[in-house]
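Down below is the structure, laid out as structure tokens.
The values are calculated or read from the model by the stated rules, or taken from the named source; none is laboratory data. Everything numeric in this text was worked out from a predicted model, so none of it was measured. Cβ atoms come from the backbone with ideal geometry, glycine included; neighbour counts cover every protein chain shown. Ligands, DNA and RNA are excluded from the accessible area calculation, which covers all protein heavy atoms including side chains. Shrake-Rupley method; radii C 1.70, N 1.55, O 1.52, S 1.80 Å.
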Amino acid sequence: MPESTPRTTLVTTKSALREHRAAMDGTVAAVLTMGSLHAGHLALVERARELADHVILTDFVNPLQFGPGEDYEAYPRDLEADLALVDGLVDLVFAPGVEEMYPVMPPTVSVSAGRAGTVLEGAARPGHFDGVVTVVAKLLRLTDPHLSVFGRKDAQQLAIIQRLVADLDLPVRIEPVEIQREETGLARSSRNAYLSAAGKEQALALSRTIAAALAAAPSLAGIQDALEAARERAEIDWDYALALDPATLEPAGPDHRGEVLVVLAGRVEGTRLLDAAVAVATAP
């Protein structure tokens with residue numbers, strides 16, 4: 001008989017996680033999620049499986065990164081469905097409760113994302129990135145991976161986590177993974193579940209704007225003009241549509257050459273959506 005695919009183990013405590021992690025030989029990759037898994041997460045898992053001998057997936061809705069009036073309680077949770085989706089694809093799922101992760105709430109000691117956490121998404125969601133880097137630092141310490149995969153859609157988050165690892169000398173490699181999209185072009189996100197059919201159609205303004213910005217490269221001014229035109233059309237309630245220097249997260253100046261981080265954020269039917277891409281500017 002053919003060998004059966006190894007089943008995935010669920011653990012909910014830090015002690016059980018440490019026990020299973022200690023038994024893993026070879027390289028380990030971590031996929032950090034807030035659950036409500038979809039095909040975009042599976043792409044992260046697939047990349048992790050390509051790069052490591054073992055994969056640990058974390059499934060935890062982190063209260064520290066939700067601000068007052070945000071959707072922490074409404075955030076979709078379905079651990080049973082998540083487990084079914086990744087069964088046999090990851091070695092271990094770590095799905096702790098809030099008290100397991102944060103015996104004291106709010107935690108007495110936490111991590112700050114610095115100035116990079118106060119601009120763009122951070123300006124709209126004060127304290128959000130401090131919550132992100134605190135939980136990421138904890139989960140990377142607990143899972144002790146050789147590498148961890150993150151999607152490019154949350155471009156600011158990816159940049160900040162790369163700085164977290166570098167600035168705190170965490171012994172892990174951050175591996176970016178390209179954005180996964182619906183057939184329509186809409187970037188996959190757990191938040192898409194909040195949208196009606198009409199809302200999903202309206203949200204395609206983000207992917208159209210990304211396509212226009214990429215088509216305008218290698219001209220930096222062309223990229224910036226494409227983003228300005230999208231803001232003026234106001235097909236969605238834009239928070240920002242910007243071309244940034246990826247090293248500083250500041251707007252790319254007229255003399256900037258090289259990679260340009262195109263970042264979009266806006267609201268459709270009250271739901272905040274993101275999209276991003278990396279263009280290359282070699283001309284004014």
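Below are the figures for this structure:
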{"quantity": "Total residues in the stretch 187-219, condition in contact with a Lys or Arg (Cβ under 8 Å, 6 or more places away or on another chain) and at pLDDT 95 or above", "calculated": "2"}
{"quantity": "Residue that is in contact (Cβ under 8 Å) with a residue 24 or more places away in the chain, open to solvent by 20 Å² or more (accessible area, probe 1.4 Å), touching a Gly at 6+ places or on another chain (Cβ under 6 Å) and among the basic types (Lys, Arg), where the choices are Arg163, Arg188, Arg152, Arg173", "calculated": "Arg188"}
{"quantity": "Glu235 vs. criteria without any contact (Cβ under 8 Å) to a residue 40 or more places away in the chain and open to solvent by 50 Å² or more (accessible area, probe 1.4 Å)", "calculated": "yes"}
{"quantity": "The one condition in (1) in a strand (DSSP E or B); (2) more than 30 Å from Ala30 (Cα to Cα); (3) open to solvent by 60 Å² or more (accessible area, probe 1.4 Å) that Ala241 fails to fulfil", "calculated": "(3)"}
{"quantity": "Scan of the stretch 130-155 for residues that are among the small types (Gly, Ala, Ser) and either within 20 Å of Arg47 (Cβ to Cβ) or at pLDDT below 95 (or both), ordered by number", "calculated": "Ser148, Gly151, Ala155"}
{"quantity": "Long-range neighbours under 7 Å by Cβ, at least six apart or interchain, first residue at positive phi within the stretch 246-264, second at pLDDT 95 or above", "calculated": "Gly258/Val280; Gly258/Ala281"}
{"quantity": "Pair list, Cβ under 8 Å, 6 or more apart: the stretch 111-136 residue in contact (Cβ under 8 Å) with a residue 60 or more places away in the chain, other residue acidic (Asp, Glu) and in a helix (DSSP H, G or I)", "calculated": "His128/Glu121; Phe129/Glu121"}
{"quantity": "Of all residues in the stretch 213-227 being open to solvent by 40 Å² or more (accessible area, probe 1.4 Å) and in contact (Cβ under 8 Å) with a residue 12 or more places away in the chain, the one that is farthest from Gly270 (Cα to Cα)", "calculated": "Pro218"}
{"quantity": "Members of the stretch 193-208 found to be touching a residue at least 24 places away in the same chain (Cβ under 8 Å), open to solvent by less than 30 Å² (accessible area, probe 1.4 Å) and closer than 22 Å to Ala43 by Cβ, listed by number", "calculated": "Leu195, Ala203, Leu206, Ser207"}
{"quantity": "Any hit, the stretch 124-140, residues being more than 22 Å from Leu244 (Cα to Cα) and either over 18 Å from the mean Cα position of the chain (by Cα) or charged (D, E, K, R) (or both)", "calculated": "yes"}
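Each row is one residue, and each column tells you yes or no for (1) of a type in the set (D, E, K, R); (2) more than 18 Å from the chain's Cα centre (by Cα); (3) in a loop (DSSP other than H, G, I, E, B); (4) under 19 Å from Val280 (Cβ atoms).
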position	(1), (2), (3), (4)
Glu175	yes, no, no, no
Ile179	no, no, yes, yes
Ala198	no, yes, no, no
Gln202	no, yes, no, no
Ile210	no, no, no, yes
Leu214	no, yes, no, yes
